[in-house]
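The values are calculated or read from the model by the stated rules, or taken from the named source; none is laboratory data. Being a predicted model, the structure only gives us computed values, none of them experimental. Methodologically, a virtual Cβ is constructed for each residue, glycine included, from the backbone with ideal geometry; neighbour enumeration extends over all protein chains shown.
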Amino acid sequence: MIKERKGHLFKDREISWLNFNGRVLQEAEDPKNPLMERIKFLAIFSSNLDEFFRVRVAQIRRLQKINNKKTISEFQSSPDEILSEIQRTVLILQDKFTEIYEDKVLPQLNKEKIFLVEENQVSVKEAELVQQYFKSQVINQLFPVILDNLKHIPHLRDRSIYLAVRMKKSASNQEPKHAIIEIPTGIINRFFTLPENEEGQHIILLENIIRLNFKRIFSIFDYQEFESYIIKLTRDAEYQISKDENDYQVNFLDKIQKSLKQRSKGIPTRFVYDETMPKDMLSFIIQKLELKNVNLIPGGRYHNFKDFMDFPKVGKPENYFSSFSQIPVPVFDNSKTMFEAIAQKDVLIHQPYQSFDYLIRLLREAAIDPKVTTILITLYRVAKHSNVVNALINAVKNGKKVMVLMELQARFDEESNIYWTNQLQEAGASVHFGKPGQKVHAKMCLIFRKEEKELVKYAHLSTGNYNGQTAKLYSDFSLFTKDKRITEELDALSDLLFVNLKRTGFKHLLIAPDFMKRQLIQLIDQEAKNAKEGKPAFIKAKMNSLVDTEIIQKLYDASNAGVKIELIVRGICCLVPNVPGSSENIEVRSIIDRFLEHARLFIFCNQLDSKTYLSSADWMTRNLVNRIECAFPIYDKENQKFISDIFDIQWNDPLKARKIDGLSDLNYCNLSPSDSSISAQMQTYQYIKDK
C-alpha cells in the first residue's frame, strides 16, 4: 500500500513493519543459521506479531470505530483498507511460519535426534513420568470452564493460550460438552524434558501433558472421547491516564498501576486458532466468546511461540551461535579510575562487542568516590535484575544525591520500572516521572564531581537502554565524556527533566521535542544547498524506523538536489527509494542478524568536515514531536571515523543486508557473497578487535 503526494511516494507503515517481521522469518528459514537459533527467530517473529496486534492493529481499530471509510491521513488509507491488507499479509506470513517450522525446522530437529513428542507418542515408561509430573506440578494449576450453558462470557487473558476442548461419550447421541482450559505457562515451564534414551531426546509441551490427562481432569463427566485445539486472544494494550499537571508527580505511580489493569480488559484485536479445528466447533467458540470485528488467524498446533525463546538447552554446541569474548577497552582497563580515563579523552564503545559493565564500573566508583556529590540518570527500560539500579542505591547509601528520571510509560516494561521505582524511593533516591503526555526516551547519565574547588561534570550517553540484559543482545553505542560543550547542555536538559524548567540555547545537543526535528531539517537542507552549489554532499543514517513524513519529504528534496543518501533502516521505512524524480539518489538497506541493530547514527558530509550524531531517537513523529529525546554530537575525529567505518561495514554486508525497495522489502542485496564471507556483525567484531 503506497500513497503518492506531490509526486513522491509513501509506503504504509503497518505493511512496512510486517515486511520487517518477514525479514525476521527469513532468518528462521536460513539454513546457514544454527538450528536452535532458527527456533529463536521463530519465537521473535511470534512475539513481534503479538505486539503488533496489541498496539498498532488496536490503534487502527479505534480509528475504525470513528470512521471506517475515511483515510487516516494523506499518507495512509482508511482503517478498513489497512486492516484488510494486514489480514492478507499476516495470513501469508503465518503460512510461511508454519511451513518453516513443520517442513524445515522440525525435520532438522529430528535429524539431530531431538523430538517434540505429542501426547500419543510417549512410551509407557515416559507416560508414567508425565503422569507423576502432572499430579505433582500441573493439575492444581488448572481451572476448566464449561462453556455450553454459560450465560456470562468467560474472560480470556491477553498473551495466554487456552485449550478448547470438545468431549463426548462413545456410541452416544448425547450432545458433546465444550470447555476451555488456560495453559499455566506463566507458572509452569512449557517444556518438560524427558530422560534421554537410545532413540534420542524427547521433549513434551505442557499442553500435551494436559491432553494426556483429560480423563483425570474431567472425570466427573465420565467422557471417553476428547478433542482439543489451542486458541489465543490478543487484546488492545493501550491504557488511559490523566494528564493533569497539578497532581502528576504525586499520583502518577498509582495511576499507572491502576491503568495497567485495563490491559487485561482490552478490546480483542486478534483470535488465533488451530486451523484443524472443526468449523462447527470454531463457530461455537467464536459465538460463545462474542468475537466480533476481530482478525481471525488460522495457525498450527502450537501458539504463543514466543515461549520457544526458552526452548531447552539440548543438542550439539554447533546448533547454537558460537560464543565470543567481549573486547576490552584498554583506556579503561589500564586506568586507576574511570574518571581518570574519561578526563584524558572521550571514550566511545560499541555493545555488545564491548561490555556494558564499564557503565556499572563508573556508577560503582561514583558511589564511593568522596569527590562525587550528585548522580542524575534517565531510565527507560530496566532489567529485571538491574546492577544499574543497585549501583544507584549504593550511591544513596554512601551519601550521594541521586536523582532518577524513571519512565513509567515504557510499554510492557511498566511493572519492572514500578518495582525499581519503589526500591529507589525506599533507599532515599529522588525519583521523577517526567512530563504528562511525553515519554522521556533520552538515555543520559550526569555525574557531578568536585575537583580542585571546581565542580566537574562527567557524562555517559547511549543509543540504548540502561539494561544489562538487552545490552548483550542489542547493538548500541555508548559515549563517556567530560566535554563541557556536552555536559553543560546535559545539565540544562536536566533542568527540564527534573525541575520542569524550560531551557533554550542548545547549540550542541539536538533536543526533542522542541528543537531536534528543526535542526535535522536544517542539516538535510544544508546538504541539498551544498549539492546544488557543486560541493560534496552526502547523508548516511542508521535507525530503527523512518516514518516522519516531513523528514522523508526533505530527504526526497535532497535527493533531487543531488545528495547521495544511504540509509540503514532495520524496521519500518515509509520512504520509497530509487524512484525517478523523487529518490533516485537514495538507497535503503536493512540488516537482521544475530544481534538486534538498535543504534541510531546520523552523518552529514558538511563539505567533508562531517557532522556526526548518535541518538536514541528514530526519525518518527512520536520521537521528534511527542518525546523528550537527545542526539549527541561526536567531536573526536577518531571516534567519528570509528562510527563511519562501522556504518560502511554494515552498508556492505554481503550476507544479511536486504534491499528496501518499497515493494516486498525482502530481497537480499547479495553483495559478492562467497563461502568465506562473514556478516557485517562479525566483521564489526573483528574491526573493533583489530583496533
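Among the residues of the stretch 160-183, the one identified as outside any strand (DSSP E or B) and basic (Lys, Arg) is LYS169. Of everything in the stretch 176-210 that's free of Cβ contacts under 8 Å to residues at least 24 places away in the same chain and charged (D, E, K, R), which residue is nearest to SER283 (Cα to Cα)? Filtering first and then ranking leaves GLU196. Among the residues making up the stretch 480-508, those that are within 22 Å of MET406 (Cα to Cα), surrounded by fewer than 12 Cβ atoms within 10 Å (Cβ to Cβ) and either among the basic types (Lys, Arg) or in contact with a helix residue (DSSP H, G or I) (Cβ under 7 Å, 6 or more places away or on another chain) (or both) are LEU501, LYS502.
Could you pull out every one of the strands (runs of 3 or more DSSP E) wholly within the stretch 453-543 that has 3 or more residues that are under 26 Å from VAL431 (Cβ atoms) and not basic (Lys, Arg)? It would help to see each step written out before you state the result.
Details: elements: 454-462, 474-481, 510-512, 538-543.
Once the strands (runs of 3 or more DSSP E) in the stretch 453-543 are filtered for at least 3 residues that are under 26 Å from VAL431 (Cβ atoms) and not basic (Lys, Arg), what remains is 454-462, 474-481.
Would the stretch 76-85 turn up any residue that is aliphatic (A, V, I, L, M) and closer than 21 Å to ASN21 by Cβ? For the stretch 76-85, residues aliphatic (A, V, I, L, M) and closer than 21 Å to ASN21 by Cβ: present. Of the residues making up the stretch 668-691, those that are closer than 27 Å to PRO577 by Cα and under 23 Å from the mean Cα position of the chain (by Cα) number 5. Filtering the stretch 130-168 to residues that are surrounded by fewer than 16 Cβ atoms within 10 Å (Cβ to Cβ), farther than 24 Å from ASP222 by Cα and either among the β-branched types (Val, Ile, Thr) or modelled with pLDDT of 95 or more (or both) leaves only ILE153. Of everything in the stretch 389-417 that is part of a helix (DSSP H, G or I) and surrounded by fewer than 16 Cβ atoms within 10 Å (Cβ to Cβ), the residue that is modelled with the highest pLDDT is LYS397. Between LYS443, LYS439, LYS450, which is in contact (Cβ under 8 Å) with a residue 12 or more places away in the chain and in contact with a Cys (Cβ under 9 Å, 6 or more places away or on another chain)? Unique residue meeting the criteria: LYS443. All conditions in (1) among the hydrophobic types (A, V, I, L, M, F, W, C); (2) more than 26 Å from PHE53 (Cβ to Cβ); (3) not in a helix (DSSP H, G or I) hold for PHE134, with the sole exception of (3).
A search for C-beta distances below 9 Å between a residue of the stretch 128-156 that is free of Cβ contacts under 8 Å to residues at least 40 places away in the same chain and more than 10 Å from ILE180 (Cα to Cα) and any residue that is hydrophobic (A, V, I, L, M, F, W, C) and not in a helix (DSSP H, G or I), counting only pairs 6+ apart in sequence or on different chains, returns ASP148/ALA179.
Of the residues making up the stretch 81-98, those that are exposed (fewer than 15 other Cβ atoms within 10 Å of the Cβ) and of a type in the set (D, E, K, R) are ARG88, ASP95.
Could you go through the stretch 622-635 and let me know if any residue there is over 30 Å from PHE433 (Cα atoms) and either assigned by TED's automatic domain parsing to the domain that holds ALA442 or surrounded by fewer than 17 Cβ atoms within 10 Å (Cβ to Cβ) (or both). Yes - at least one qualifying residue is present in the stretch 622-635.
Among the residues making up the stretch 185-199, a single one is within 15 Å of GLN121 (Cβ to Cβ) and of a type in the set (Asp, Glu): GLU199.
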